[in-house]
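Derivation of every value follows stated rules applied to the coordinates shown; laboratory data play no part. In this text, all values refer to a predicted model and were calculated from it rather than measured experimentally. So basically every Cβ, Gly included, is an ideal-geometry build from the backbone, and we count neighbours across all protein chains shown.
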Amino acid sequence: MFQGVGVVARVVLVHGIAQQFEGPETLGLKLGAALRDGVQLGANLTLEPADVACAFYGNAFIEEGTRPADLPPWDEKYVEDGLEAELLDAWFQRAAELEPSIPPLDEEGTRSLKAAATSRALQVKWVRARLNGLVKADFFQGLGKRFLVSELKQVRRYLDDPPTWQAARASVAEQVGEDTRVIVAHSLGSVVAYEALCENPDWPVTDLVTVGSPLGLPLIFRRLSPLPTNGIGAWPAKVLRWTNVADPGDIVALINTLGPLFASGPNGPVQDRTITNGVKMHDFGRYLTAPTTGAAIAAGLRQASA
């Protein structure tokens, strides 16, 4: 049911993982400014701060009433079999393709996940080899194992834990109002936004812009709600236009062409666009300031005003 009547934001931002130490106002100020810059650079359209709202769900990943000073001491022993291990392997394989500096796996590291899972000791070695490689990747910019394991767990929690995905989707619903026309979603937030749009066909949103999206990654695609039918994902409700923007060096956006994977909408299939974000391939701010992203956002706003 549409709950957001009266909210003035014309554009709603949906962030990705690793934002549990942020807040809706601080994150909204930073990302809102980047979006307004992108729209101005890409389409010569000026937006006011009140035109943009940020759906915040970072607090869904910490215990209620607490704010930990640091991440838990996670390492290879804490990566769970199944989704977490599959995602780790997908990231590692893509990073190894893009960055020759990542050392090759040894014989034990090249085992299949299924083979490694037959022994706890083998699985820990299998995970350690991939984490050791990823922490050397330029993409992750020296982030430690604890941070990488935290990211794996946040993705798994959203996909498998009902209270987490309910809180994330509710954060989007709180910001969508009668004036909202465009949703711009980054990383895991693109999954949140897509699923929220599919389950709320009464929303007035006409344009979805996804950036750095993992929606095409098979281990995520096959878990989407609603489930894909015959290998094709559902079109998100009443959205008229869907633009997907990806940097080819963005490891999270492993499958950066979404058009063939989803049904077409009223104005055609997903429009896939490629940009370069420099050394910060996955950064939400850089995606937002890109003229390509700004032009897609502006197109939706101008259509709404026509």
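Name the residue farthest towards the positive end of the dipole of segment 140-288 from the options TYR287, SER264, ILE183, assuming +1 on Cβ of Lys and Arg, -1 on Cβ of Asp and Glu, about the Cα centre.
Result: TYR287.
As a test of the formula, what do you get for the chain when each DSSP H run with n ≥ 4 contributes -39,500 (n - 2.57) and the sum is divided by the residue count, at 222 nm and rounded to the nearest 500 deg cm²/dmol?
Counting only the DSSP helices, I get -12500 deg cm²/dmol.
Measuring from the lowest to the highest alpha carbon on each principal axis, how far does the chain reach, largest first, in angstroms?
61, 41, 37
What net charge do the residues around ALA299 carry, taking every other residue with its C-beta under 14 Å from that of ALA299, with Lys and Arg at +1 and Asp and Glu at -1?
Residues near ALA299 contribute +4 overall.
For the peptides 226-233, 24-31, 37-44, what is the packing order when you average, over each peptide's residues, the other Cβ atoms within 10 Å and list the highest mean first?
37-44, 24-31, 226-233
Give me the distance in nm between label points sitting 7 Å out from Cα along the Cα-to-Cβ direction at ASP81 and THR274, one decimal.
The answer from the label model is 3.9 nm.
Total Lys pairs in the chain closer than 20 Å by alpha-carbon, pairs eight or more apart in sequence or interchain only?
Final tally of qualifying lysine pairs is 15.
Under a Cβ-Cβ cut-off of 10 Å, what is the net charge of the residues other than VAL124 that fall near it, where Lys and Arg count +1 and Asp and Glu count -1?
+2
Calculated FRET efficiency, GLN141 and PHE21, Cβ-Cβ r, R0 25 Å, to nearest 0.05?
0.90
Around CYS54, which amide H atoms from residues at least 5 apart in sequence, or from another chain, sit under 5 Å from its own amide H, with H modelled in the peptide plane?
Result for CYS54 returns LEU13.
Quick check for me: using +1 on Lys/Arg Cβ and -1 on Asp/Glu Cβ, what's the dipole size of the chain about its Cα centre, in debye to the nearest 20?
Dipole of the chain, to the nearest 20 debye: 320 debye.
Just to be sure I understand: of the beta bridges DSSP finds with both ends in the chain, what percent are antiparallel, rounded to 5?
If I count the DSSP bridges inside the chain, around 10 percent turn out antiparallel.
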